[in-house]
1. What's the magnitude of the charge dipole for region 89-215 around its Cα centre, counting Lys and Arg as +1 and Asp and Glu as -1 at the beta-carbon? Answer in Debye, nearest 20.
2. Under the Karplus relation 6.51 cos²θ - 1.76 cosθ + 1.60, θ = phi - 60°, what is the ordered set of whole-Hz ³J(HN,Hα) values for region 167-177, x standing for Gly and Pro?
3. Which trypsin sites (Lys or Arg not before Pro) from region 165-263 combine a DSSP loop assignment with at most 11 other Cβ atoms within 10 Å?
4. Considering only DSSP states other than H, G, I, E and B, which trypsin sites (Lys or Arg not before Pro) in region 69-128 qualify as loop sites with at most 15 other Cβ atoms within 10 Å?
5. Give the distance, in whole Å, between the Cα centre of region 205-268 and the Cα centre of region 139-189.
6. Under a point spin-label approximation (7 Å from Cα along Cα-to-Cβ), what is the residue 148-residue 84 distance to one decimal in nm?
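Where a number appears in this text, it was derived from the coordinates with a stated rule and is not lab data. Nothing here was measured: the structure is a model prediction, and the numbers come from that model. With ideal geometry, Cβ positions are generated from the backbone for all residues, glycine too; neighbour counts draw on all protein chains shown.
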Amino acid sequence: MFDDYEADDEYGDYNYEHKHHIWGGGGGEDDASALADEYENFSDLADPQQLWMHCILPSFETAGYQLCETLAMCALYRLIISRSFVSSSGLYRNYANLLVGLGVLWRYFAGLLVYVAVYSLCLVTLAAGLRKFRYAFGTLLAVSIVTITTLEYTLPEFIQIRSVFMLMSIKILSVAADMRSNPPLSFDLLGYIYNPGTVLFGPFVSYKAHLDAMEKPVRLQLRQIGTHAVLTLAYLSATCVVMIFPTGGVRVGFVFRDALSVRVSHYMISSMSVVTFLVCGFASYASAEGSSPSGARSASGADDIIRPLRIEIPTSLRQVIFYIVI
């Protein structure tokens with residue numbers, strides 16, 4: 001896909017003049033190469049019809065379909081948890097979290113799921129063995145850092161599951177720091193780190209919030225779910241639209257365009273995390289954890305997850321562009 005330029009000089013002047021860089025889509029290397037040859041530097045994508053047919057629509061058909069499947073599994077999880085015989089049993093709740101959470105991850109990382117499973121089992125086993133150890137937090141932190149760093153340099157595909165590893169590490173570390181006197185059982189920890197609403201996209205939630213979302217009655221906030229679902233699709237489309245950003249044929253223009261596309265995709269993931277967060281029932285306690293910058297409690301924790309208008313263009317990309325160009 002990227003055999004027309006050297007990876008260590010991605011932003012060189014020559015490479016920018018002959019650059020074929022594809023963002024999004026799921027047709028594999030052959031489709032991406034064909035698209036790159038047809039739309040060099042995305043100049044032809046300025047045509048709305050071509051933009052729709054060759055970028056936005058393929059993105060909807062691949063990423064959009066996966067996101068719909070994720071929402072369906074989160075809704076299934078919420079339906080299972082809402083059954084009284086399940087919500088009253090910690091064992092059944094943990095099974096629901098573990099099985100549905102693994103299903104969500106399998107849909108995205110089928111070939112790499114074994115690494116996630118082994119890492120989670122190692123973390124939980126280590127946490128259980130160190131529950132009375134004075135330096136449990138430091139030990140778990142060291143193991144997490146060493147494991148993630150090692151895989152970063154030894155497993156080429158690790159970038160796909162790195163965020164899942166980090167979320168699991170943060171959850172285990174939070175339990176080790178906050179519940180030293182009475183840590184949860186190992187199976188309870190597995191249910192916590194595999195919660196379908198947070199295992200893939202986040203956000204981080206405390207163990208207490210995880211329990212409250214399952215034990216307390218939940219009223220789904222359909223308006224906010226719908227709003228952020230629409231925003232997710234809008235950000236998904238924007239990852240294509242920003243690629244027709246006028247570069248002026250200068251290197252800084254190409255860098256800004258690429259950085260903006262990546263940043264928009266980050267907001268797509270953040271918005272999707274809000275949807276899974278709410279669908280899985282976390283809206284019931286979010287007002288107890290999230291607060292607005294003014295100090296007032298928000299109606300839901302969603303507003304504290306994504307605030308693009310407070311941090312976005314152009315200052316958020318200034319350092320990225322500066323360091324890449326220099």
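1. On the way: 9 positive and 6 negative charges, 53 e Å.
Here region 89-215 has a charge dipole of around 260 debye.
2. Couplings: 4, 4, 4, 4, 5, 5, 5, 5, 5, 5, 7 Hz.
3. 219
4. Numbers: sites: 78, 83, 93, 107; in loops: 83.
For trypsin sites (Lys or Arg not before Pro) across region 69-128 that sit outside H, G, I, E and B with at most 15 neighbouring Cβ atoms in 10 Å, the list reads 83.
5. 25
6. The answer from the label model is 4.3 nm.
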